[in-house]
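Following: one structure in structure tokens, then a few remarks.
Values in this text are rule-based calculations from the coordinates and carry no lab data. Quick caveat: nothing in here was measured; it's all calculated off a predicted structure. Please note: Cβ atoms are built from the backbone with ideal geometry, for glycine as well, and neighbour counts cover all protein chains shown.
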Amino acid sequence: MTQTQAVVALIEDYFNLAYEPKSRDFNKVFHPNCLVQWVHEGELHILSSPEYAALINGRPSPQSTGAPRDEAILAMENISDSLSTATVRVRIGNKLFNDHFVMHKVEGSWLIATKASAVMRTFD
């Protein structure tokens, strides 16, 4: 599998995890030291990987509520043989996000090390 194929597979696992958290092993998508960041009302918010796992596992999944899926890879770049970045679009419930990932190959596995998010649209 090429680096691009491996990174795309990781992003697809993220999309599936976002839609139904029980469908994937969180720790095979996110590095244990991952930071998840977003700005809300001008303030930067940061969650650790365990805090983010608790958040997504503690809410009804988009699949369970019948929410539509909307996801795409908008841009991707392989920086080195162990570092890639990507910008993706993903709908989670009534919010459409653009997420930017920094992904590292750690001990042979690609993992998201940083996730920075922005809400692009909220649906009624």
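Evaluating Ala54 against the criteria (1) within 20 Å of Arg121 (Cβ to Cβ); (2) of a type in the set (Gly, Ala, Ser); (3) within 15 Å of the chain's Cα centre (by Cα) leaves one unmet condition, (1).
Screening Asp81 on (1) over 16 Å from the mean Cα position of the chain (by Cα); (2) free of Cβ contacts under 8 Å to residues at least 60 places away in the same chain shows it passes everything except condition (2).
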